Amino acid sequence: MTDPFVLSLILIVALALSGLSIGLAMICGSTIYLVLKGFDPSIASETLLQGLFNSYTLLAIPLFILAADIMNVGSLADRLLRFCQALVGRFRGGLGHVNVVSSLIFSGMSGSAVADAVGMGRIIIGMMTKDGKYTASYSAAITAATATIGPIIPPSIPMVLYALVSDQSIGYLFAAGMAPGLLMGLVLAVMNTIIARRRNFPVDDSVPLSEMPRVTMQAFPALMLPVILLGGIYGGVVTPTEAAAVAAFYALVISVVVYRSVTAGQFYSTLLNSARSTATVGILIAGALTFNYVITRENVPNSIADFMAQFELSKWGFLLAINLLFLALGCILEAGAILLIIAPIFIPTAQALGIDLVHFGVVVVVNAMLGLITPPYGLLLFIVANITKQPLARIVRDLVPFIIALFAALAFITFVPDFVLFLPRMLGYKG
């Protein structure tokens, strides 16, 4: 109990449980470790600043956050939902399918599960619960489930965080997330179809085919954002960080000039909200960078690698163990902490077993996203519960089938790496 590393861990856990943000808790715990070890405490500040200033890719995070906030304030979400409703709303359980498709499209713009749930989610839940067509708990459940797709399909803020700790290409990580994200959308749509038939959900009013060109043209500027974003990255025109700046600027121009749906006051509020969200993520990254220095000093990654070597796990056994561990951690830790603190510990072992780190990154990010809908922490659960004012237990009950479907998708993503890597390889990845 007198070991500095053990004491720092106890302090971090105690501070986090008391309500302090996990980022600040890690900074405090790391500083105590340095003091007890006899190091200059200023090392914590130096490590923090060097990590932030030397990571050019981190600039993508506030820019993607700003782009998502602008889209939420403007009318982009409404127009995209109308387009999705025209596309798939004519089937039984149609608004459930609209929920899935809108998340697939919106995720190509925001890169954030929370932005998806708060922006698109609030609108689609209102549409689903209007006139009692769907129960509020089911609407909340499918909204939380579909929001997990957001950080899998590019762009993706969690992928940027993983790139930071793994030194992998953000462009290839974005490409690797495309097929898994579509797979997750597919299994959720299939599950919605099964449930809609069992519960006899209504067939919603469909948009006449004659209206499709008009609806598509109204949504066309918003639909072009993912095309411009990903085309610029994979065409070599812009880096992922520069693409984030393009996304924010494009969202602003479309909202202000084309749709004329954002006032000066709303834009100012959006900047403030984006700054607050960025500060929250920044503190988490700063804490993780500082604590990772402590982990490196204690040689934790190599110690764990040596420990796991005793079990002589194959790479498939290791991936299974990682899934079980990360799913369990997702119940109690937030996604950022998992990606910045836990994932780096297992990267050396993954490399030693011949596991491709881009594939490993996708597996880790999917696990972290499933943690967002897994009790008791489940941030997305709290968001949709707040929107619908439904008891958490009722939402979880309706969410269980979707969780099972997503677990099946995770298993396929984990044990069929070629499915994840075929698109990056087409774009030049040599892994």
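The values are calculated or read from the model by the stated rules, or taken from the named source; none is laboratory data. Just so it is clear, the model here is predicted, and its values are computed rather than measured. Here Cβ is always computed from backbone atoms with ideal geometry, including for glycine, and neighbour counts include all displayed protein chains. What goes into the accessible areas is simple: the full protein's heavy atoms, side chains included, and nothing from ligands, DNA or RNA. Shrake-Rupley method; radii C 1.70, N 1.55, O 1.52, S 1.80 Å.
Hey, among ILE347, ILE387, ILE383, ILE295, which residue is farther than 29 Å from PHE419 by Cβ and touching a Pro at 6+ places or on another chain (Cβ under 8 Å)? Walk me through it before giving the result.
Values: ILE347 fails: farther than 29 Å from PHE419 by Cβ; ILE387 fails: touching a Pro at 6+ places or on another chain (Cβ under 8 Å); ILE383 fails: touching a Pro at 6+ places or on another chain (Cβ under 8 Å).
Only one candidate passes the filter, namely ILE295.
Starting from the range 281-302, keep only residues that are under 19 Å from LEU20 (Cβ atoms), then list their pairs with residues that are outside any helix (DSSP H, G or I) whose Cβ atoms are within a distance under 7 Å, requiring at least 6 positions of separation or different chains.
ILE283/SER21
May I ask you to verify whether VAL237 is exposed (fewer than 14 other Cβ atoms within 10 Å of the Cβ), β-branched (Val, Ile, Thr) and either assigned to a helix (DSSP H, G or I) or in contact with a strand residue (DSSP E or B) (Cβ under 7 Å, 6 or more places away or on another chain) (or both)?
Working: exposed (fewer than 14 other Cβ atoms within 10 Å of the Cβ): yes; β-branched (Val, Ile, Thr): yes; either assigned to a helix (DSSP H, G or I) or in contact with a strand residue (DSSP E or B) (Cβ under 7 Å, 6 or more places away or on another chain) (or both): no.
Considered against the rule, which asks whether it is exposed (fewer than 14 other Cβ atoms within 10 Å of the Cβ), β-branched (Val, Ile, Thr) and either assigned to a helix (DSSP H, G or I) or in contact with a strand residue (DSSP E or B) (Cβ under 7 Å, 6 or more places away or on another chain) (or both), VAL237 comes out as no.
Can you spot a residue in the range 260-268 that is part of a helix (DSSP H, G or I) and among the basic types (Lys, Arg)?
Filtering the range 260-268 down to residues part of a helix (DSSP H, G or I) leaves 264-268.
Checking which are among the basic types (Lys, Arg) leaves us with none.
The answer is no; no qualifying residue exists.
Residues of the range 183-234 being open to solvent by 60 Å² or more (accessible area, probe 1.4 Å) and under 30 Å from VAL420 (Cβ atoms), which ones?
LEU186, VAL190, ILE194, VAL227, ILE228, TYR234
Cβ-Cβ distance below 9 Å, separation of 6 or more or different chains: which pairs start in the range 124-149 with a residue that is free of Cβ contacts under 8 Å to residues at least 12 places away in the same chain and end on one that is hydroxyl-bearing (Ser, Thr, Tyr) and crowded, with 24+ Cβ neighbours inside 10 Å?
GLY126/SER139
Quick one: ILE61 ticks every box in (1) modelled with pLDDT of 70 or more; (2) out of contact with any Cys (no Cβ under 7 Å at 6 or more places or on another chain); (3) open to solvent by 10 Å² or more (accessible area, probe 1.4 Å) except a single one, so which number is it?
Condition (3) is where ILE61 drops out.
Would you check if ALA179 is assigned to a helix (DSSP H, G or I), aliphatic (A, V, I, L, M), touching a strand residue (DSSP E or B) at 6+ places or on another chain (Cβ under 8 Å) and within 30 Å of GLY94 (Cα to Cα)? Talk me through it step by step, then tell me what you get.
Values: assigned to a helix (DSSP H, G or I): yes; aliphatic (A, V, I, L, M): yes; touching a strand residue (DSSP E or B) at 6+ places or on another chain (Cβ under 8 Å): no; within 30 Å of GLY94 (Cα to Cα): yes.
No; evaluated as a whole, the condition is false for this residue.
From the list ILE345, ILE387, which residue is within 26 Å of SER30 (Cβ to Cβ) and either over 16 Å from the mean Cα position of the chain (by Cα) or among the β-branched types (Val, Ile, Thr) (or both)? Step through it out loud before you land on a result.
Working: ILE387 fails: within 26 Å of SER30 (Cβ to Cβ).
Among ILE345, ILE387, only ILE345 is within 26 Å of SER30 (Cβ to Cβ) and either over 16 Å from the mean Cα position of the chain (by Cα) or among the β-branched types (Val, Ile, Thr) (or both).
Would you pick out the residues in the range 255-269 that are open to solvent by less than 50 Å² (accessible area, probe 1.4 Å) and at pLDDT 85 or above? Explain how you work it out, then say what you get.
At the first step, the residues of the range 255-269 found to be open to solvent by less than 50 Å² (accessible area, probe 1.4 Å) are 255, 259, 261-262, 265.
Across the range 255-269, the qualifying residue is only GLY265.
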